[in-house]
Structures are given as C-alpha cells and as structure tokens.
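These notes concern the structure reproduced below.
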Amino acid sequence: MTGPLERLARRGLFLLDPEAAHGISIRALKSGVVPSCAAPADARLEQTIAGLTFPNPVGMAAGYDKNAEVPEALLRLGFGFTEIGTVTPRPQQGNDKPRIFRLVEDEAVINRLGFNNDGHGAALARLQACSRQALIGVNIGANKDSADRIADYVAGIRTFYAVARYFTANISSPNTPGLRDLQARESLAALLSVVLATRDEEAEKSGRRVPVFLKIAPDLTEGGMDDIAAEVLAHDLDGLIVSNTTLSREGLRDQRQAKEAGGLSGKPLFEKSTAVLARMRKRLGPDLPIIGVGGVSSAETAAEKIRAGADLVQLYSCMVYEGPGLPGRIVRGLSQLCDRDKLASIREIRDSRLDYWAGRNV
Ligand SMILES: Cc1cc2nc3c(=O)[nH]c(=O)nc-3n(C[C@H](O)[C@H](O)[C@H](O)COP(=O)(O)O)c2cc1C
C-alpha cells in the first residue's frame with residue numbers, strides 16, 4: 001500500500017497535465033526530496049544475466065528518464081537497473097502536445113510522444129558524470145526524419161559504448177511512423193547484422209563486450225513472432241525485451257481517453273505482453289535472456305512475468321499510479337515470496353507457468 005505522503009503527492013500531480021507532472025517528478029528526483037524506499041539487499045534476488053549482475057530483477061523501463069537526467073536517483077528508489085532513452089542522434093521535439101493521457105479507471109497510460117529527446121550529445125554528457133558501477137542501460141532509436149535509420153542505431157552504439165552497461169535497440173515504438181517495420185524479417189536481419197557487428201568492433205577496441213537487447217511490440221502475429229525468433233537465434237543478440245506499448249484498446253473502461261492515438265501501457269497491457277513473452281520464450285528456448293515489461297504493478301505481477309519466462313522485469317506506467325515507493329515494495333514482496341515458498345533463488349519460479357501463458361489467447 002502507498003503511504004499518506006505518496007497519496008497526497010499523487011493527488012497533487014493528478015491535477016496537472018501528465019507531461020507537466022512527469023517534469024515535476026523528474027525535478028523532485030533530481031533535487032533529492034524523494035526519500036529512498038529501497039528494500040534491503042537479498043542474495044536470492046540477485047542474478048547474473050548477459051554477463052551483468054543485477055541486485056534485483058526489477059528495472060525502470062525506457063521512456064521515463066529519456067534524457068538520462070536521474071538514472072542514479074532511480075536506482076536509489078530500489079530499482080535493480082534503469083534504462084535511459086529512447087535517445088536519437090539529433091535532438092527532436094516529438095509530436096504536438098497534449099501527447100500523454102492518463103486512463104485513471106484502467107490504471108493505464110496512452111502516449112504518442114514520438115521520441116522527444118535532447119539527442120545523443122546531451123545524454124552522453126550526463127552519463128559520463130555517473131558511476132560506471134551503476135546498472136544503466138541505453139535505449140537507442142532513430143530520428144523521425146532520418147534518411148538511414150540503421151545508421152542511427154549504429155551511431156547510438158558507437159556514441160554510448162563507454163558508458164552503457166547494456167544497449168536496447170528499440171524497434172517497437174508505435175509513435176515513429178514506419179519504425180515497427182524494422183521488425184519484419186529482412187529489415188530485422190539487416191539491423192541486427194550491422195548493429196551487432198558495430199558492437200563487436202567496439203568490444204575489440206575496448207576489451208569490454210556490452211550486451212545488446214532488442215525491444216519488440218506486443219502487437220505481433222504468430223508468423224511475426226516466428227520471424228523475430230528466427231533472426232534472434234541467427235544472430236549473437238544478448239536478449240529480448242517484451243514488450244513496448246500496444247495499439248490495442250480492448251477491455252478499457254475509459255472510452256473517452258481510449259480514442260486518443262498512441263501506445264497503451266499499464267495494467268491493461270499485462271495479459272497481452274505476458275502472453276507474447278511466454279510465446280517468445282517457447283520459441284527461443286531456456287537460455288536467451290528475456291526482460292518482461294507491461295503492466296507490472298505489484299510483486300505478484302512481477303513474479304507472474306518470471307513464471308511466464310522472464311529473467312528480469314521492468315515497469316513504468318504503474319509507478320504513475322502507485323508512486324515512487326513501488327519498486328521497493330515489489331522487491332520486498334519478492335523477498336517475502338522467496339521466504340514463503342522456501343526458494344534459494346527467485347530463478348526457481350522461472351517458466352513454472354510458461355505453458356499457461358503461452359496458451360493464452362489475447
Ligand atoms: C510516457 C511513456 C513513454 C515511453 N517512452 C518509451 C521510449 O522512449 N522508448 C521505449 O523503448 N519505450 C518507451 N515506453 C514504453 C515503456 O518502456 C514500456 O515498454 C511500456 O510502457 C510497458 O510497460 P508499463 O506497462 O510498465 O508502462 C514509454 C512508455 C510511456 C508510458
């Protein structure tokens with residue numbers, strides 16, 4: 001449960017336009033007024049995935065800290081890792097405002113931001129000031145007016161190589177026209193070849209191999225999932241992030257806001273993104289790391305993503321509703337689950353509901 005201060009802060013923020021409220025929350029984190037609610041370290045929650053040691057499996061998803069303004073403050077809230085971006089080579093404004101909408105009854109968000117960000121240079125300067133130990137991933141994308149989108153991803157790898165603990169190639173935002181086409185088999189093959197060759201070159205130069213993950217949409221056909229899985233297995237990719245926001249509007253209560261264009265996230269995305277996660281786990285086998293994202297709102301939903309095949313989870317939208325204490329509460333809840341079920345590691349529950357979720361028709 002949220003505390004009285006968190007509830008009061010939420011009430012105040014909800015009087016504001018969502019984008020203004022987001023700006024205030026970033027400023028509050030920067031200024032240090034948000035108290036740390038991190039859970040105590042628990043060795044049962046620690047895992048080494050793609051060569052990185054995650055102190056707990058709960059991460060901040062991309063899109064909250066697009067410009068790397070508060071990565072270390074987010075880690076202090078109790079997240080085991082955080083992902084900045086999406087960043088594009090050149091700064092861009094994104095779409096016209098308003099472009100973020102709260103669906104309060106559904107505990108959901110619709111956004112059509114369109115990769116508004118300060119560009120590579122600004123984020124790089126901020127990350128250079130962060131500790132190299134901090135588990136910060138860099139989510140890279142392409143400018144809307146780019147003549148060569150793949151070149152924008154390559155520029156991301158080169159620019160951030162020294163400061164990123166991992167990369168996420170985001171090809172699944174619905175708000176940059178044509179971006180999701182990179183998920184089609186031939187385009188994905190071309191993207192992965194070039195991006196991973198660039199990573200290998202940088203690894204050779206620096207003696208440090210930075211893992212690269214691919215972030216996909218939840219709106220995929222079975223054939224689309226087959227194609228992605230085939231290309232992922234054909235390349236030396238380090239993992240998958242499932243999923244970005246959805247274009248679906250099924251099952252929403254707030255019919256007025258549901259009409260807004262953009263990607264839907266939060267509680268209504270949980271089932272769909274978890275089913276796609278399980279279907280990708282089935283296709284990829286037990287070894288490839290998968291980060292499950294979409295509608296994580298509690299320790300129970302975080303655990304359910306792991307049961308459906310995730311190694312780690314991320315969240316964004318439910319923190320809008322639950323407040324900055326959410327990551328700490330989830331981590332504490334996962335420790336309690338380990339106590340209750342006498343687990344030596346949270347990994348023991350991975351895949352235990354894989355068949356159930358892979359069979360869900362959503
Ligand atoms: C306002 C907003 C902005 C987002 N921006 C990005 C982004 O820049 N890059 C990205 O990969 N995902 C972005 N996302 C998607 C989230 O990272 C996440 O995949 C999705 O919201 C599902 O998780 P959730 O239900 O916990 O929010 C954004 C989500 C929201 C709500």
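The values are calculated or read from the model by the stated rules, or taken from the named source; none is laboratory data. If you're wondering where the values come from, they're calculated on a predicted model, not measured in any experiment. Counting neighbours? That spans all protein chains shown, and the Cβs are built from the backbone with ideal geometry, glycine included.
Could we say that ARG132 is in a loop (DSSP other than H, G, I, E, B), closer than 19 Å to GLU83 by Cβ and among the charged types (D, E, K, R) here? Yes. Per the conditions (1) within 12 Å of the ligand (Cβ to nearest atom); (2) in a loop (DSSP other than H, G, I, E, B); (3) at pLDDT 95 or above; (4) among the small types (Gly, Ala, Ser), the sole criterion not satisfied by SER172 is (3).
Checked against the criterion of being in a strand (DSSP E or B), closer than 24 Å to ILE140 by Cα, modelled with pLDDT of 95 or more and in contact with a Pro (Cβ under 9 Å, 6 or more places away or on another chain), region 28-48 has no qualifying residue.
Residue by residue, here is whether (1) touching a Gly at 6+ places or on another chain (Cβ under 9 Å); (2) at pLDDT 95 or above; (3) within 16 Å of the ligand (Cβ to nearest atom); (4) over 19 Å from ALA169 (Cβ atoms) holds:
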{"site": "GLU107", "(1), (2), (3), (4)": "yes, yes, yes, yes"}
{"site": "ASN111", "(1), (2), (3), (4)": "yes, yes, yes, yes"}
{"site": "ASP118", "(1), (2), (3), (4)": "no, yes, yes, yes"}
{"site": "ALA122", "(1), (2), (3), (4)": "no, yes, yes, yes"}
{"site": "GLN128", "(1), (2), (3), (4)": "no, yes, no, yes"}
{"site": "GLN133", "(1), (2), (3), (4)": "no, no, no, yes"}
{"site": "GLY137", "(1), (2), (3), (4)": "yes, yes, yes, no"}
{"site": "ILE140", "(1), (2), (3), (4)": "yes, yes, yes, no"}
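The set of residues from region 298-325 being near the ligand (Cβ under 10 Å from one of its atoms) and either small (Gly, Ala, Ser) or not in a loop (DSSP other than H, G, I, E, B) (or both) comprises THR301, VAL313, GLN314, LEU315, SER317, CYS318, MET319, VAL320. When LEU343 is tested against (1) assigned to a loop (DSSP other than H, G, I, E, B); (2) under 19 Å from ILE216 (Cβ atoms); (3) away from the ligand (no atom under 16 Å from the Cβ), only condition (2) is not met. Only one of the listed residues (GLY80, GLY94, GLY114) is surrounded by 17 or more Cβ atoms within 10 Å (Cβ to Cβ), under 28 Å from GLU304 (Cβ atoms) and not acidic (Asp, Glu). That residue is GLY80.
Just one of the listed residues (VAL163, VAL195) is closer than 25 Å to LEU277 by Cβ and in contact with a helix residue (DSSP H, G or I) (Cβ under 9 Å, 6 or more places away or on another chain), and it is VAL195.
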